[in-house]
Structure formats: structure tokens, C-alpha cells
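The values are calculated or read from the model by the stated rules, or taken from the named source; none is laboratory data. Here the structure is a predicted model, which means the values were calculated and not measured. Backbone-built Cβ (ideal geometry, glycine too); neighbour counts: all protein chains shown.
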Amino acid sequence: MLSKKNAIELRNVVKKFGDHTVIDDVSMTVAEGEVAAIIGPSGAGKSTLLRCVNLLERPDSGTIAVAGTRIDADNQIKTRDLARLRSVVGMVFQSFNLFPHLNVLRNITLPQEQVLGRSPQEARERGLALLARVGLADKADQYPNRCSGGQQQRIAIARSLALDPEVMLFDEPTSALDPELGLEVLTVMRELADEGMTMVVVTHEMQFARDVSDHLVVMADGAVLEEGKPGDVFDEPTRARTRQFLRAVDRDGV
Ligand code: ADP
Ligand code: MG
């Protein structure tokens, strides 16, 4: 089998807030087309690690490479590299952050015009196609506050995809949603994974992590506790801390 290229490579990433080391020497690779899920207790550093991937947080040391653009935190970061890296990473957060004063389609066309310089016509065609893809073709002219949370998150996914990212990062995209509405978001994410999008998903949805991810990473205290095929990690965790976390999830359903 041909070995796939790595879409994301983190090497020895360290991030501190003051003297608190939040990411403690984490290395991780995600191959093109692969879905990595990150699970772990609150405060483990999952969000911070994701934010380091697109340099929303600047690591104190280590290297980050996405789709061939490499950034070494130990050197001066070039503006051009930063812009290039950000342009290939799409990110979806727990909160949807749609513009309330713009209709749904405009929320998706505006970034395309501003970031990619697309013509209004081109942005509109792409926007409508993506709305159809997330099952919301009929919402183009609505305002976000008339849409459910699940619909708003799907709009946020469409907005992100409209910028043609090479990789998509999701930070607990369903945590603010009722289970039923979360499900429609997870369905869209599953389709995206099936279409071959490279994805890193921080999630509390253990079933989704088990079913959809190719690679599961368990984090605690800023470090990778264990990682591997999701079935192996879920069924036979090697670390006591992982077993403890999975038991707590089972019990509390978080
Ligand atoms: P998780 O997403 O796994 O819950 P986070 O990455 O949000 O974890 O946080 C990891 C640790 O870093 C926590 O102890 C949190 O309080 C701390 N932290 C996160 N962001 C900041 C920040 N901007 N300033 C200071 N501490 C932070
Ligand atoms: Mg978090």
C-alpha cells in the first residue's frame, strides 16, 4: 500500500500560560483523509492543542506542519507562512459565531469574498451548493436566530468549507446542542469524513469517536495518555487513567 502523506504533523509542541504548562511535549500526526478524535477530561488541553494547529495559540516550542506549510515555534514566524497555514485550516467551535444581522447565505458568501476575493456570483453558487450539502438549501434567506442550534452549527460547517480548507478542526461541535440536534451535526461530519476530508475532532461523543475516527488520542494533563485504533483504546485501554476517564464518561454520559 502506498503510504499516505501527513496532512498534520505536530512535533514536541509545548504551550504554557504563565508558568502553567498546558501542552507538554505533544507529537501527533494525521494522514491525508484520516479522522483523528481527541478525547479526555476537561482541562486536559484538548482545545489548546487544536488552537495550536492553526496558530490561534502560539506554541512556546515545537513545530507544526499542515498541508506542507511548516512553522517552527523556536524561530521567528513568517507572516506569509502563518497566512498560508491558516488558509488551509477550517475550524468549527462549540459556539457557532454566525453574524446575527446577516442572512444565512450572506454568512457564507462574505468570508469567501473577503478572504478569497471570490466574486459575489461565485460565492453565491458555492454557498448554495454547500447549504444543500448540509441539508439546509431552504434556509438561505433566513436569519440565524430563526434556525435551531443544530442548523446553525451546520451553517457554520458550510461557512468553513466554503473557504476550501485542506483540514477541518472541530472543537466539541455538539456540546451546546440537545442530543437530537447534535445528531444532525454528527451526520454531516460523518459524511464529510466519508468524502475523505482530513479531520481532527475533539469530542465527548464516544460513539462517534469509535465509529468515525481512524485514530483515537486520549489526552490528560497536557499530554497524550494513549492513542491507537479507537476499538483497541475503548475496549482495551492500557492506562489506568484512561480506564478511569472512560468509566466516568459511561457513568455521567458527558
Ligand atoms: P480542554 O479543552 O481539554 O478542556 P483547555 O485546552 O481548554 O482544555 O485548557 C487546558 C488548561 O489550560 C486548563 O487548565 C485551562 O484553564 C488552561 N487555559 C486554557 N486557555 C487559557 C488561557 N488563555 N490562559 C490561561 N490558561 C488557559
Ligand atoms: Mg475544550
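With the checklist (1) assigned to a loop (DSSP other than H, G, I, E, B); (2) within 16 Å of ligand 1 (Cβ to nearest atom) in hand, flag the one item ASN75 doesn't pass.
(2) is the only condition that ASN75 fails.
With the structure loaded, tell me whether GLY43 is more than 10 Å from ligand 1 (Cβ to nearest atom) and modelled with pLDDT of 95 or more or whether it fails that test. Quick ask: steps written out before the conclusion?
Working: more than 10 Å from ligand 1 (Cβ to nearest atom): no; modelled with pLDDT of 95 or more: yes.
For GLY43, the condition - more than 10 Å from ligand 1 (Cβ to nearest atom) and modelled with pLDDT of 95 or more - is not met.
With respect to ASP214, determine if the residue is under 18 Å from the mean Cα position of the chain (by Cα) and touching a residue at least 60 places away in the same chain (Cβ under 8 Å). Lay out the reasoning, then the answer.
Values: under 18 Å from the mean Cα position of the chain (by Cα): yes; touching a residue at least 60 places away in the same chain (Cβ under 8 Å): yes.
Judged against the criteria, ASP214 is a match.
Could you tell me which numbered condition HIS20 fails, if it satisfies all but one of (1) without any contact (Cβ under 8 Å) to a residue 60 or more places away in the chain; (2) crowded, with 22+ Cβ neighbours inside 10 Å; (3) within 16 Å of ligand 2 (Cβ to nearest atom); (4) not β-branched (Val, Ile, Thr)?
(2)
Output the residues belonging to the stretch 26-53 that are assigned to a strand (DSSP E or B), among the β-branched types (Val, Ile, Thr) and within 24 Å of GLY68 (Cβ to Cβ). Write out each step before concluding.
Start the filter on the stretch 26-53 by keeping residues that are assigned to a strand (DSSP E or B), which leaves 26-31, 35-39.
Then keep just the ones that are among the β-branched types (Val, Ile, Thr); that gives 26, 29-30, 35, 38-39.
Correct list: VAL26, THR29, VAL30, VAL35, ILE38.
Being out of contact with any Phe, Trp or Tyr (no Cβ under 6 Å at 6 or more places or on another chain) and farther than 22 Å from GLU34 by Cα narrows it down to one residue among VAL224, VAL249; which is it? Write out each step before concluding.
On the way: VAL224 fails: farther than 22 Å from GLU34 by Cα.
When all the criteria are applied, what remains is VAL249.
So which residues in the stretch 11-25 are within 12 Å of ligand 1 (Cβ to nearest atom) and either in a strand (DSSP E or B) or closer than 17 Å to THR63 by Cα (or both)?
Of the stretch 11-25, the ones within 12 Å of ligand 1 (Cβ to nearest atom) are 15-24.
Hits for the stretch 11-25 are LYS15, LYS16, PHE17, HIS20, THR21, VAL22, ILE23, ASP24.
I'm trying to understand the selection: among the residues of the stretch 114-144, which are of a type outside the set (Gly, Ala, Ser) and within 14 Å of ASP164 (Cβ to Cβ)?
First, the residues of the stretch 114-144 that are of a type outside the set (Gly, Ala, Ser): 114-116, 118, 120-122, 124-126, 128, 130-131, 133-134, 136, 138-139, 141-144.
Of everything in the stretch 114-144, those that are of a type outside the set (Gly, Ala, Ser) and within 14 Å of ASP164 (Cβ to Cβ) turn out to be VAL115, LEU116, ARG118, GLU122, GLU125, ARG126, LEU130, ARG133.
Taking the stated definitions as given, is GLN112 surrounded by 19 or more Cβ atoms within 10 Å (Cβ to Cβ), assigned to a helix (DSSP H, G or I) and modelled with pLDDT of 95 or more?
Working: surrounded by 19 or more Cβ atoms within 10 Å (Cβ to Cβ): yes; assigned to a helix (DSSP H, G or I): yes; modelled with pLDDT of 95 or more: yes.
Judged against the criteria, GLN112 is a match.
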